[in-house]
C-alpha cells in the first residue's frame, strides 16, 4: 500500500488482500482477548468537518486497542476554519502526529493535505469517496461468502460517494457491479466511465432497480439525502420513488443474498424495516468491521 489511503482506486488487488488478511487476524486477536499494541506511543489526529458516529468511535477505539492515542479535532478546534491554508496545517501536524484521518467534504482537500503531509493520511469520508467503509463492506462479504470473486453486487439508490467507491473497487477486483440510479443522480461521470472500461467482471448502470437486483448475491443501498443535501429532501424523496430496497426487490435476488447498508439508515425511505432488520441483513456485522479494517489500515500505514 502507498503512504496514504485516499481512494480505493489507488489500491492494487494485493493491497486489498493485505488489508483483509490483517483485519481477520486483528479481529481474531480481539475476540480471544489478546493484547496487540504495535502503535504504542503513536498518535492519530482526526479532523472532522462532518459529524460522525461509526467513523469517530471505530477510529478512536481502534487506535486505543493498537496502543496509541487518537485526538478528535473538529474544524472549530483548528486554525483551518479561520483561514490557515492546508499546506501549513499539514506540515505542522506532520511534526506532532504519526497519522491523520480526515472526514470532510472535498476530496481535493484530502489529497492536498496528503501532498504536503509527511505522515500517512487516511480518507475517513469525502463527498466523492468512502474507502474505509468500502473496505469494511468487502471484508464482510469475504466473511459471509468466503470471497468476492464472481459475485454480483447490486447497488440501488443515489450515485453518491458509496456508489463511486464501489465502482473504484470493481475496477480492480473480479466482482460484477450493477447499479440502479434515477436519471440525474448517477455516480461521478469520470469514475463511472473508468470503471466501465476497466472492471474485470463488469460495471453496468440501470434505471430499473429490478434489473440490478435480479440474481444478485449482495444488495447495497445508502440514504437518499446525505449530509449537506437537506434542502433537496422533498425533491429527492419524489425522484427516488421506486428505488426503495423492499421485500419485493429482495425476492428478485438470490435466496442467500446479503443485504448491506453503510448506515445511518432511514427505515421506510431507501430501505424497509422488514428488510434491514430481516434474516438476510448483515448491517451490524458490517458496521462492526469498520473497527477491524481501520485497525488494519492504521497498522499497515503507521507502524
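The values are calculated or read from the model by the stated rules, or taken from the named source; none is laboratory data. The structure presented is a predicted model; accordingly, all values stated were derived computationally and were not measured. Positions of Cβ are generated from backbone atoms using ideal geometry, with glycine treated the same way; all protein chains shown enter the neighbour counts.
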* **residue 158, sole failed condition from (1) out of contact with any helix residue (DSSP H, G or I) (no Cβ under 7 Å at 6 or more places or on another chain); (2) over 20 Å from residue 294 (Cβ atoms); (3) surrounded by fewer than 17 Cβ atoms within 10 Å (Cβ to Cβ)** => (3)
* Asked: Pick from the stretch 76-97 the residues that are closer than 23 Å to residue 53 by Cα and in contact with a helix residue (DSSP H, G or I) (Cβ under 8 Å, 6 or more places away or on another chain): which of them is surrounded by the most Cβ atoms within 10 Å (Cβ to Cβ)?
  -> 80
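Hand me the list of strands (runs of 3 or more DSSP E) wholly inside the stretch 173-224 holding 3 or more residues that are closer than 18 Å to residue 260 by Cβ.
Qualifying strands (runs of 3 or more DSSP E): 176-180, 218-221.
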* Structure fact -> Flagged in the stretch 160-185 as under 18 Å from the mean Cα position of the chain (by Cα) and within 19 Å of residue 227 (Cα to Cα), in numbering order, are 160, 161, 162, 163, 164, 165
* **Within the stretch 44-71, considering residues that are assigned to a helix (DSSP H, G or I), in contact (Cβ under 8 Å) with a residue 40 or more places away in the chain and over 24 Å from residue 228 (Cα atoms), the one farthest from the chain's Cα centre (by Cα)** => 65
* Restricted to the stretch 27-42, and to residues that are in contact with a helix residue (DSSP H, G or I) (Cβ under 8 Å, 6 or more places away or on another chain) and in a helix (DSSP H, G or I), which residue is surrounded by the fewest Cβ atoms within 10 Å (Cβ to Cβ)? -> 30
* Candidate set from the stretch 133-148 (those that are over 16 Å from the mean Cα position of the chain (by Cα) and in a helix (DSSP H, G or I)); member that is farthest from residue 287 (Cα to Cα) -> 145
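Matching residues to (1) without any contact (Cβ under 8 Å) to a residue 60 or more places away in the chain; (2) more than 14 Å from the chain's Cα centre (by Cα); (3) farther than 30 Å from residue 4 by Cα:
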{"site": "257", "(1), (2), (3)": "yes, yes, yes"}
{"site": "260", "(1), (2), (3)": "no, no, no"}
{"site": "267", "(1), (2), (3)": "yes, yes, yes"}
{"site": "290", "(1), (2), (3)": "no, no, no"}
{"site": "303", "(1), (2), (3)": "no, yes, no"}
* Asked: Which numbered condition trips up residue 232, out of (1) loosely packed, with under 12 Cβ neighbours inside 10 Å; (2) modelled with pLDDT under 95; (3) part of a helix (DSSP H, G or I)?
  -> (1)
* Scan the stretch 236-256 residue by residue and report those that are surrounded by 13 or more Cβ atoms within 10 Å (Cβ to Cβ) and more than 22 Å from residue 204 (Cα to Cα). => 236, 237
* Given (1) in contact with a helix residue (DSSP H, G or I) (Cβ under 8 Å, 6 or more places away or on another chain); (2) in a helix (DSSP H, G or I), index of the condition residue 248 fails -> (1)
